[in-house]
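Remarks on the structure that follows.
The values are calculated or read from the model by the stated rules, or taken from the named source; none is laboratory data. In this text the structure is predicted, and so the values were computed from the model without any measurement. With ideal geometry, Cβ positions are generated from the backbone for all residues, glycine too; neighbour counts draw on all protein chains shown.
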Amino acid sequence: MPIEIPTDKWPGTVRTITLGATAAEGGTRARTVTVGGEKTMPFMQFEGEIPNSPVVAIEIKDRRPEDWSPLLLQAWGEAAADPASWAKAAEAAGAELIQLSLTLTDAAGQPITPQGAVASVKAVLQATGLPLLVFGPGQAELDNQLMVAIAEATKGERLALGICEDKNYRTIVATAMANGHLVTARTPMDVNLAKQLNILISDMGFPMERILMDPTTGALGYGIEYGFSAMERLRLAALQGDSMTQLPMIVTPGFEAWKAKESKVGTGVPEAWGAWEERAIHWETLTTITLLESGADIVVLRHPASVKLVKSAIADLMTAPQAA
Amino acid sequence: MALSGIQIYKLLPQTNCKECGFPTCLAFAMKLAAKQVELSVCPYVTEASKTQLAESSAPPIHLVSLKSNGYEVKAGNEVVLFRHEKTYYNKPGLFVRVLDSEAPAAIQAKIAALDAFKVNYVGIDLTVDGFAVASVSGNAGVFAEAVKTVRQASKRPLILMSRDPQIMAAGLEALKGETPLLYGADADNWEAMAELAKQHNAALGVIANSLESLADLTEKIKAKGLEDLVVDPGGRSFAQALTLGTQIRRLSIKKNFRPLGFPVISFPGDAGNPGLEAMLAAQSIAKYAGFIVVDTTSPAALYPLLVLRQNVYTDPQKPIQVQPGVYEINNPKPEDPVLVTTNFSITYFSVANEVEGSGLPAWLVVADAEGMSVLTAWAAGKFDAERIAKAIKGFNVADKISRKRIVIPGHVAVLSGELEEELPGWEIRVGPREAVDLPAFMKQAL
C-alpha cells in the first residue's frame, strides 16, 4: 500500500557558522569549518536539508593534565607533553577542529599568565591548520584576562573563545567583537537559560552568526537525559522559528564521559562493569551518539578510538535518504 | 489518533437523554475526548459506535509482551515522539543472540553467564531481558537442541530466529506455556509462520525491506487473526535505521497508521563491529526500537547500554529523588566531616559512591532540592543558602558532630558568604565541583 510519511514544514533554519579564517580571509588556517544550517531535526533528510555535517573536535590541554584518566594519557603518550605536538597528534587522529583548554597553573605550579596562554595558542596555530577553539580555565576574572590577550594576539583567526556564562560574558564578547573571533555560550541544561544568554550576548551588538551555543549535557549515567531533552527542545524551538535558539550547538561528551567514574578509573569498581578501556570508550561514544541525534553540531571528544567510531557513525548518518 | 469531541459526538445517539449525568450528548462527548469519563455510562450507544470508539482510543503502538516463567518483557504503547512531550513508557527489551552453530557447551556457558549478569546503577539492579536463538545451521534438530540448551541455562523470554517454518516448529517444541517472539515472517513464509504463532500463542516478527511492503504484510497477517506483531523494516546502517524508525514512530503517533503500529526490532550486531554495534544499539534505545538484539556478551558494552536505557526512559515529569536527610558513610564519628549535596538521585549516588569508595568516613547531608542536581537546583533557586541552612538545622546535624564545619559543592561556591550568615558559628568550606575529586579533597584539605 502507498504510504505518505508525515513531515513538518519548519519555518526556521539553524544559523550557519564558520570557524577559522584562511590567509585570504585574514587568518592563517589551512581550511575553515562550517556548521549549522539545518532545516530539520537531526539527520531527517527525508524532510529537510542538512547542509553541513556535524564535526568532531578533539580537546587538548596546554600541558599534560594531572587529573585526566590514565587511559587518555596513555593514548596520547608523549604527544600530550606540549600543546603543539598534541595538536598535531589530534589532527592525525582525525580531528576536524582543535579545542585547547587552558590550565590554571603550569607544570611547575606557577599560575598561568596571559603571555603563557598566548604562547600556547600560537604554538597550536603553528602546529595545525585546523580551526581552533580556546577555553579558559574557568575562573571568571582570569578567563577574561587570558581571552583578551589571546584575542588580540590572534586577531582575524575566527577562533571560538570560551566560556561565556551568564555571570561572565561581557569581556569575552567585547574582545571577540573587536578582534574578529567567535564565542561559545554555556548554560546549564535549560532551554530558557540558553536563550537568555544568547539574547544578552546579541544585545551587546555581537552578531548571532558568531555564537556557538553549549547547552551542557551530563554524561551517560549522570543526567544525560536532561541534556538530551534540553537539546531536542532547543532544536525544535529553532525550527519553529525562535531566532534566539537558532544557533549551532557545541557539546563536550569527552569532558562529560571522562569525568564519570566508569571511564576515569579501572580499579576499585564492580566487576560487572567489565573491561575498563572498552567500557570507557563505550561511555564516550554512547554519550556522543545520543547527543548527535538530539542536535549537536560540534562534539568535543578526548580519546582517539572514540573519534574514529564517532566519525564513522556521522559519515553513515549523513547518507540518510533525502527528500524527493 | 484520538477522536475530537465533535467526532465522538457524531457517534453518540444525540438524544440528550441526560442519563449519563451530563446535560447534553455534546458535553458528554467532550468529557470522553478528555478521557474524564467512560463510554459505558451511556446506555444507548450502538455496538458499531462502541467498536469505532474503542478502535480510536487503542494505543497507536500495539503493546507486545513476551513471557516465560514469570518473566515479562513489554514493548509498545508509546504515545510521543520526544520524551519531553510526556515520557517514554516501555523500555526496549535487550536480548543477546546466540547461534545454533555454536557448541552446546559454549552456548550453555555463555547464556548462564549472561543470565547471571547483574549490574547496580543508582540502587537498581540492571540485567539483560532475554536471548535470541538464531538458526544458521539450517538443521531443525540442531536448532531444537540449541533452544533447549538456552532454556535450561536461563528462564528469561526468548526470540527464535529462522525463516523456515519447519525449523521454527522444531524450536518451539522445547518451549511450552510461554510467549516467545518468532522472527520471522516474510513475503514468502508468512502464512506458515502466522499459523505457528497462532498455535503456540507466540508474538510474530514481520520482515520486509520497505515500509510499503511491511504494511502490506502486517495487514495480511492481521487478517489471519494475529495482533501481537513486531516489525523489522530492514535498515541496518545508522542512517537507515534512524530514518525508518522515526518514520514508523511518526506514522503511528501522528497518523495512527495501524498497519505499522507495532514495536520495531533492531539488530545492531549486524554491523559486525563491536564499537559500532554499541552505538547502533544506543541509537535504537533513544530512537524508537521496542526490541534490541545484540551480539556482544561484554559487560563493558551491556552496562552502558542498560544505563542509557534507564536514563532515556526516566519520566521527565518526575525526577528520581532520594529522601533528604543525613546519610552516614563509613561509620562516621563526631569529628568527621559534614558534606552537603542535593537530593537528585544521581547526584546523591555520585557523591556517596566516591566517599564510600575512598574509605573515608563522612556525614552526608542531603538537602531537599526538589530532585535536581547541584547546578540545575542552584539555577532554579532550589539549592540556596536558606535551603542548606534549613537542612543543617532541620536534621539536627549539630547534635551528631563535634566540629561545626560543612563542605558545600564547588559549583555553589558563591553561596558561602550567605551561608555564613544563615549558619552563625559554622565554618563553610568550598569543596570540589565534581564528586570524583572529593576523596582527594577530603584527604588534603580536611
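Results, tabulated for the structure shown:
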read-out: Residue that is of a type in the set (Lys, Arg), over 30 Å from A:Glu293 (Cα atoms) and surrounded by 20 or more Cβ atoms within 10 Å (Cβ to Cβ), where the choices are B:Arg163, B:Arg151; value: B:Arg151
read-out: Test: residue in region B:15-22 that is over 31 Å from the mean Cα position of the chain (by Cα) and acidic (Asp, Glu); value: yes
read-out: Any hit, region B:400-420, residues being part of a helix (DSSP H, G or I), within 13 Å of chain A (Cβ to nearest Cβ) and in contact with a Lys or Arg (Cβ under 6 Å, 6 or more places away or on another chain); value: yes
read-out: Selection from region A:254-286 of residues that are more than 24 Å from the chain's Cα centre (by Cα) and free of Cβ contacts under 8 Å to residues at least 40 places away in the same chain; value: A:Thr267, A:Gly268, A:Val269, A:Pro270, A:Glu271, A:Ala272, A:Trp273, A:Gly274, A:Ala275
read-out: Residues (of a type in the set (Asp, Glu), assigned to a loop (DSSP other than H, G, I, E, B) and under 30 Å from B:Leu251 (Cβ atoms)) located in region B:1-58; value: B:Glu38
read-out: Verdict on B:Val436 being at pLDDT 95 or above, crowded, with 18+ Cβ neighbours inside 10 Å and either under 31 Å from the mean Cα position of the chain (by Cα) or not in a helix (DSSP H, G or I) (or both); value: no
read-out: Search result, residues across region B:283-328 that are among the hydrophobic types (A, V, I, L, M, F, W, C), assigned to a helix (DSSP H, G or I) and more than 23 Å from B:His62 (Cα to Cα); value: B:Ala300, B:Ala301, B:Leu302, B:Leu305, B:Leu306, B:Val307, B:Leu308
read-out: Which listed residue is within 9 Å of another protein chain (Cβ to nearest Cβ), over 17 Å from the mean Cα position of the chain (by Cα) and hydrophobic (A, V, I, L, M, F, W, C), from B:Leu280, B:Leu260; value: B:Leu260
read-out: Test: residue in region A:195-214 that is under 17 Å from A:Leu292 (Cα atoms) and touching a residue at least 40 places away in the same chain (Cβ under 8 Å); value: yes
read-out: Every pair of residues 6+ apart whose Cβ atoms lie under 8 Å, when the first sits in region B:146-157 and is farther than 9 Å from B:Phe131 by Cβ while the second is surrounded by fewer than 24 Cβ atoms within 10 Å (Cβ to Cβ) and of a type in the set (Ser, Thr, Tyr); value: B:Lys155/B:Ser68; B:Lys155/B:Tyr71
read-out: Within region B:68-84, considering residues that are part of a loop (DSSP other than H, G, I, E, B) and closer than 24 Å to A:Thr290 by Cα, the one nearest to the other protein chains (Cβ to nearest Cβ); value: B:Phe82
read-out: Leading residue by the ranking (surrounded by the fewest Cβ atoms within 10 Å (Cβ to Cβ)) among those in region A:150-195 that are farther than 24 Å from A:Ala296 by Cβ and among the hydrophobic types (A, V, I, L, M, F, W, C); value: A:Ala178
read-out: When residues of region A:281-298 are limited to those that are β-branched (Val, Ile, Thr) and in contact with a strand residue (DSSP E or B) (Cβ under 6 Å, 6 or more places away or on another chain), the one farthest from the other protein chains (Cβ to nearest Cβ); value: A:Ile298
read-out: Verdict on B:Val338 being crowded, with 20+ Cβ neighbours inside 10 Å and either within 14 Å of chain A (Cβ to nearest Cβ) or of a type in the set (D, E, K, R) (or both); value: no
read-out: Qualifying residue in region B:293-305 (condition: buried (at least 24 other Cβ atoms within 10 Å of the Cβ) and more than 10 Å from every other protein chain (Cβ to nearest Cβ)); value: yes
read-out: Residue match in region A:132-143 (condition: in contact with a Phe, Trp or Tyr (Cβ under 9 Å, 6 or more places away or on another chain) and modelled with pLDDT of 95 or more); value: yes
read-out: Some residue of region A:54-63 being over 25 Å from A:Ala160 (Cβ atoms) and within 14 Å of chain B (Cβ to nearest Cβ); value: no
read-out: Subset tally (residues that are in a helix (DSSP H, G or I) and either away from chain B (no Cβ under 11 Å) or within 20 Å of A:Ile163 (Cβ to Cβ) (or both)) for region A:242-274; value: 10
read-out: Options A:Thr216, A:Thr287, A:Thr319; residue that is surrounded by 20 or more Cβ atoms within 10 Å (Cβ to Cβ) and assigned to a loop (DSSP other than H, G, I, E, B); value: A:Thr216
read-out: Flag for A:Ile250 being buried (at least 22 other Cβ atoms within 10 Å of the Cβ) and in contact with a strand residue (DSSP E or B) (Cβ under 7 Å, 6 or more places away or on another chain); value: yes
read-out: Residue count for region B:73-96, restricted to those that are among the polar types (S, T, N, Q) and under 18 Å from A:Glu232 (Cβ atoms); value: 1
read-out: Output for region A:181-231, where each listed residue is among the polar types (S, T, N, Q) and more than 14 Å from chain B (Cβ to nearest Cβ); value: A:Thr184, A:Asn198, A:Ser202
read-out: Residues satisfying the stated conditions in region A:299-316, i.e. within 12 Å of another protein chain (Cβ to nearest Cβ), of a type outside the set (Val, Ile, Thr) and part of a helix (DSSP H, G or I); value: A:Ala305, A:Ser306, A:Lys308, A:Leu309, A:Lys311, A:Ser312, A:Ala313, A:Ala315, A:Asp316
read-out: Residues of region B:65-83 that turn out to be of a type in the set (Val, Ile, Thr) and either closer than 17 Å to B:Lys254 by Cα or not assigned by TED's automatic domain parsing to the domain that holds B:Pro263 (or both), as a count; value: 2
read-out: Top-ranked residue in region B:85-123 [being more than 13 Å from every other protein chain (Cβ to nearest Cβ) and hydroxyl-bearing (Ser, Thr, Tyr); ranked as nearest to B:Ala140 (Cα to Cα)]; value: B:Ser101
